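All of the numbers you see were taken from the coordinates with simple rules; none came from a lab. No experiment lies behind these values; they were computed from the predicted model shown. Cβ placement follows ideal geometry from the backbone for every residue including glycine, while neighbour counts extend to all protein chains displayed.
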Amino acid sequence: MSSEEISVLLSTAPKDAVPSLVKTLVEEKLVACINQVNGVLSTYHWEGKVCEDEEVLLIIKTTTRGVERCQARLIELHPYTVPEVLQLPTVGGNPSYLKWVVDSVASPDTPTENHSEEN
């Protein structure tokens, strides 16, 4: 199992949006796991002002083959107009964990069911 088969996405979201966002991505098998780091304070420019908000940092593990589908769904579900989504390369890791990630994510050619309450 090669670490190049794994992609890690970073995103932030408001605390109230996280449960449904995370649950949908996991249920649809777009990700193997999402770690939620509460209490992240983000300071940024938005619409001409400096803003500061408490957010949840999401560390999202998926496959390199499925990362585009995962990213598109994350952006679709996210409440922000311009959500942070950063893809990081994976250069190594526990081979058993890497295999688990690959085995846990649906292949891009496998259709996923939409389990969100919005539909």
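Grab the other residues whose beta carbon is less than 10 angstrom from that of THR90, score K and R as +1, D and E as -1, and report the net.
Around THR90, the surrounding residues sum to -1.
Mean residue ellipticity at 222 nm from the helices of the chain, using -39,500 (n - 2.57) per DSSP H segment of n ≥ 4 over the full residue count, to the nearest 500 deg cm²/dmol?
Helix contribution divided over all residues of the chain: -7500 deg cm²/dmol.
In percent, what relative contact order does the chain have, based on Cα pairs under 8 Å that are 6 or more apart in sequence? Write down the numbers at each step before the final one.
Numbers: 206 pairs, mean separation 50.4, N = 119.
Relative contact order comes out at 42 percent.
If you wrap a convex hull around the C-alpha atoms of the chain and split its volume per residue, what is the figure in Å³?
109 Å³
Do you know the Lys pair count in the chain for C-alpha distances under 30 Å, with sequence separation 8 or more or different chains?
For the chain, the number of qualifying lysine pairs is 9.
I'm checking a number: the convex hull volume of the Cα atoms of the stretch 50-95, normalised per residue, in Å³. What is it?
It comes to 116 Å³ per residue, whole-number rounded.
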